[in-house]
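**Q** The structure's right below; bear with me while I get my questions together.
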Amino acid sequence: MQTDQLKEIIVIGAGVVGLTTAIKIQEKGGYRVTVVAETFPTDPRTIRYTSHWAGTHHVNQAFGDERWKAMDKETFEVMWRDSESEVGAAARCFRRHNHTEFHGDGVDPSPWLDHMPDYQKVPEDNLVPGSTAGYTFTTFTLNTPVYINWLLARFLAGGGTTKRMSLQHITQVLEGVDAPNPTVIVVCPGVGARFLGRIEDKNVYPIRGRAILLRMEGPSRVQMGHHEEILTRALALSADLAPPNICKARKPTTDDLRPLIGGIRLEVKWIDQGVQDKARIPVVYNYGHSGVGFQSSWGSASIALGLLESALEKGESQKEGYIDVSGN
Ligand SMILES: Cc1cc2nc3c(=O)[nH]c(=O)nc-3n(C[C@H](O)[C@H](O)[C@H](O)COP(=O)(O)OP(=O)(O)OC[C@H]3O[C@@H](n4cnc5c(N)ncnc54)[C@H](O)[C@@H]3O)c2cc1C
């Protein structure tokens, strides 16, 4: 395709979600992609950029959420292939290892985890104190600063361009970027969605956590007590965390809290460009990945690409909002 026939796409955000989405669009073909961001992987660590801080492993935690399960599974399949070789550009990004998780809560994660390589139940004799079941499988951990720099290099090598801007408002990119007729803006600002004009999504907020890195000798292995315990403890402290109608009708359970954890915003909306005579433009939103931005990155990028292509094909007449392109 000639370069003047390429459609111009602007992606806001250069974290794992923005870069993965930019690459997904770029590698589909037919698009010229510009990534606009305040912070890039090559910058020093800052609290305004989450992807530098994650100590990421891939463990699907979808419970009954089919869309989430599909996103994590697709991402796993892409990263599993990338983690295969011990040589080459992606080699330093991944480390495969055994992962075992123990449950004392009666939850059986098989419906969303049994596709993992070497998946099996832990024999009763090997359970840790306090657990009633355990599940073991092979997965990988990512070296996140190396991985996001690898993504950036892949995007640039594919012909992508970047522009550093601190945006007050989404449509500011239309003036600041050398892409005279952008056809779609894709918004992946992470926690920045709370403050960025035209989104200002107050459902997005930062949370404080702590990660401890340990140097480990011997074979690679991770053991994890399941985070269901956090919900159980929260509910014991304050039963009214559950929705009022449930509290009135019966004793709430951790299942009642799970839908309140929130989810990724993946949808399309059409907005005015703010300049006279300029047509309205579709905006694809892909943010709010909380603690799973790496492990859902390729799956959510696929959905964002589907939304983008559907908006371009059908125009503004299509129903706005979430379109299920996962095939579920
Ligand atoms: C300790 C820790 C452990 C974690 N463990 C895991 C794990 O095991 N597995 C997993 O999958 N995930 C994990 N995560 C979560 C993961 O790190 C996040 O989900 C992910 O980094 C979010 O990426 P993002 O691209 O959405 O946001 P970010 O990385 O924050 O990127 C946002 C981008 O948007 C840009 N931006 C925002 N606002 C503006 C603006 N106004 N103008 C211009 N640019 C703007 C920023 O500059 C940046 O480039 C962990 C996180 C932490 C902190």
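The values are calculated or read from the model by the stated rules, or taken from the named source; none is laboratory data. Nothing here was measured: the structure is a model prediction, and the numbers come from that model. Here the Cβ positions follow ideal geometry from the backbone for every residue, glycine too, while neighbour counts run over all protein chains shown. The protein model used for the area step is the full one, side chains on, heavy atoms only, and it has no ligands, DNA or RNA in it. Shrake-Rupley method; radii C 1.70, N 1.55, O 1.52, S 1.80 Å.
**Q** Could you report the accessible area of residue 28 in Å², rounded to 10, computed with a 1.4 Å probe on the protein chains as they sit in the structure?
**A** Number for this one is 110 Å².
**Q** Follow-up. Using helices alone, what [θ] at 222 nm do you get for the chain, with -39,500 (n - 2.57) per DSSP H run of 4 or more residues, divided over all residues and rounded to the nearest 500?
**A** Computed ellipticity for the chain at 222 nm equals -8000 deg cm²/dmol.
**Q** Additional query: Which order do 207, 264 take by accessible area at a 1.4 Å probe, largest first?
**A** Ranking 207, 264 by accessible area, largest first, yields 207, 264.
**Q** Compute a Gaussian network model of the chain, connecting alpha carbons closer than 10 Å, and tell me which residue from 52, 289, 103 fluctuates the most.
**A** 103
**Q** At a 1.4 Å probe radius, carbon and sulfur cover how many percent of the accessible area of the chain?
**A** 51
**Q** Farthest toward the dipole's positive end in the stretch 3-317, which of 189, 5, 106, given Cβ charges of +1 (Lys, Arg) and -1 (Asp, Glu) about the Cα centre?
**A** About the Cα centre, the residue reaching furthest to the positive side is 189.
**Q** Ok, one more. Express as a percent, rounded to the nearest 5, the fraction of DSSP beta bridges in the chain (both residues included) that run antiparallel.
**A** 45
**Q** In vacuo Debye scattering of the stretch 1-123, one point per C-alpha: log10 I(q)/I(0) at q = 0.10, 0.13, 0.14, 0.22 Å⁻¹?
**A** Debye curve over Cα of the stretch 1-123, log10 I(q)/I(0) at q = 0.10, 0.13, 0.14, 0.22 Å⁻¹: -0.47, -0.75, -0.85, -1.34.
**Q** Find the accessible area per residue for the chain; the probe is 1.4 Å, ligands and nucleic acids are left out, and the unit is Å².
**A** 54
**Q** Among all lysine pairs in the stretch 1-145 that are eight or more places apart or on different chains, how many have alpha carbons less than 30 angstrom apart?
**A** Lysine pair count for the stretch 1-145: 9.
**Q** For the stretch 3-317, what mean projected area does the convex hull of the alpha carbons give, in nm²?
**A** 19.2
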